[in-house]
Ligand SMILES: [Zn+2]
């Protein structure tokens, strides 16, 4: 089972990925995490990546595909894998197809209105780091940290303006990707406005018991 999970910020990708991995014993492959790990290890690859990033450049598709190609040969991928954060573009999806491609693309689709509501509902504690969500997981007293009593704040990423910018980027990059997998007959669209458990159920129905 080779999967890619597509969804905008706050669509619930991370939560669903954890549930899918647990049920089907798949490997979770985040290209962002892998690059950061290589940089931290100061491997040859890591040093290359570090240099590219320090000059403000983007890691090339060739480099990322080379990393993914090696990663999916590892033991924990024998039942399959979920890719997170890759492919982001049609060009990357084409390169992925050259090394075996995927079986299914799960697209958690959600309206911008709902996503913005979720994004701006996020609150964090500047003192202890606890995080809350005014809609899904509110603090006991509004605006106050349950753990340490500090006044909660909003991350810069989670303002309306920043949220709108992140969603715009997502649409520009991912809509062609969604269309690409749709043409291949591999796209499964899930209504992301449902509750977390209903989304999970819909994904499991697509993947089979
Ligand atoms: Zn706190």
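Any read-out appearing in this document is the output of simple, stated calculations on the displayed coordinates, not a laboratory observation. It should be emphasised that the depicted structure is a prediction, and the values quoted were computed from it without experimental measurement. All Cβ positions, glycine included, derive from the backbone under ideal geometry; neighbour counts span all protein chains shown.
Name the one entry in 19, 23 that is over 14 Å from the mean Cα position of the chain (by Cα) and within 20 Å of residue 208 (Cβ to Cβ).
That would be 23, the only listed residue that is over 14 Å from the mean Cα position of the chain (by Cα) and within 20 Å of residue 208 (Cβ to Cβ).
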| For region 37-51, does any single residue satisfy the condition of being surrounded by 15 or more Cβ atoms within 10 Å (Cβ to Cβ) and either in contact with a strand residue (DSSP E or B) (Cβ under 9 Å, 6 or more places away or on another chain) or not in a helix (DSSP H, G or I) (or both)? | no
| Quick one: how many residues across region 53-93 are farther than 23 Å from residue 166 by Cβ, free of Cβ contacts under 8 Å to residues at least 40 places away in the same chain and in a helix (DSSP H, G or I)? | 10
| message | Being touching a helix residue (DSSP H, G or I) at 6+ places or on another chain (Cβ under 8 Å) and either touching a residue at least 60 places away in the same chain (Cβ under 8 Å) or within 16 Å of the ligand (Cβ to nearest atom) (or both) narrows it down to one residue among 115, 135; which is it? | response | 115
| Any residue at all in region 173-192 that is closer than 13 Å to residue 20 by Cα, in contact (Cβ under 8 Å) with a residue 40 or more places away in the chain and within 18 Å of the chain's Cα centre (by Cα)? | no
| task | State the number of residues belonging to region 95-134 that are over 26 Å from residue 206 (Cβ atoms) and assigned to a loop (DSSP other than H, G, I, E, B). | result | 8
| message | Going residue by residue through region 7-19, is there one that turns out to be in a strand (DSSP E or B) and touching a helix residue (DSSP H, G or I) at 6+ places or on another chain (Cβ under 8 Å)? | response | yes
